[in-house]
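Chemist: Encoded as structure tokens, here's the structure I'll be asking about.
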Amino acid sequence: MDMPALTGAQFLVGNKASYPEDLEAWEKKAGIKVGSGDAILIRTGRWARRAAQGDWDFEKGSAGLDASCLPWLKSRDVAILGSDLATDVMPSGIEGVSLPVHFGSIYAMGVPILDNLDLEPLSAAAARQRRWEFLLTAAPLRVEGGTGSPINPIATF
């Protein structure tokens, strides 16, 4: 889901939140419908923003999903959630909770997340092909007692 592409932008500015209606607008634009077992990758344009504007304090002004997206993700029975940052808009707007989507996905829904993905090449390839569905392959390292692992995700069209 290429959120900047909804408005023709290269990246989302500041702490722009994406809401369930934005996810549905992307579905309509792409001609797809998210369903049970799907992996969703959310592009905010983090890496394009960094190239254009340099580094910033990501905790004080990064685009991402609003916590109101959690029921939408649950209703669609999403299997994996990934983003080019930490999934959440930052700051979250929820007092005392910095990453509600991040933790809600993992703990409340059991959905593994993929953080800090470089979605720029994937976005360009999908736009060229006008195709936003593909096979996602991601094989984490087996780390006993670990809660995370580096991966090299591969999109096959």
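Each value in this text was obtained by applying a stated rule to the coordinates, not by laboratory testing. Treat the numbers as computed from the prediction; the structure is a model and nothing was measured. Positions of Cβ are generated from backbone atoms using ideal geometry, with glycine treated the same way; all protein chains shown enter the neighbour counts.
Chemist: Within the stretch 37-62, work out how many residues are assigned to a helix (DSSP H, G or I) and surrounded by fewer than 19 Cβ atoms within 10 Å (Cβ to Cβ). I'd like the intermediate steps shown before the answer.
Modeler: From the stretch 37-62, those assigned to a helix (DSSP H, G or I) are 46-53, 58-60; that's our starting set.
Okay, now just the ones that are also surrounded by fewer than 19 Cβ atoms within 10 Å (Cβ to Cβ), so 50-53, 58-60.
Final tally of qualifying residues: 7.
Chemist: I'm checking my understanding of the structure. Among residues of the stretch 95-125 that are under 15 Å from T44 (Cα atoms) and among the small types (G, A, S), which one is surrounded by the most Cβ atoms within 10 Å (Cβ to Cβ)?
Modeler: Filtering the stretch 95-125 for residues that are under 15 Å from T44 (Cα atoms) and among the small types (G, A, S), the one surrounded by the most Cβ atoms within 10 Å (Cβ to Cβ) comes out as S123.
Chemist: Just give me the residues in the stretch 47-89 being touching a residue at least 60 places away in the same chain (Cβ under 8 Å) and more than 25 Å from V111 (Cα to Cα), in sequence order. Even if it seems obvious, please write down each step before you answer.
Modeler: From the stretch 47-89, those touching a residue at least 60 places away in the same chain (Cβ under 8 Å) are 47-48, 63, 82, 89; that's our starting set.
Within the stretch 47-89, just A48 meets the criteria.
Chemist: A further question follows. Can you confirm whether the stretch 105-124 contains a residue that is charged (D, E, K, R), touching a Ser or Thr at 6+ places or on another chain (Cβ under 9 Å) and not in a strand (DSSP E or B)?
Modeler: The initial filter retains those residues of the stretch 105-124 that are charged (D, E, K, R), namely 115, 118, 120.
From what's left, touching a Ser or Thr at 6+ places or on another chain (Cβ under 9 Å): 115.
Cutting the leftovers down to not in a strand (DSSP E or B) gives us 115.
Yes, that holds for at least one residue.
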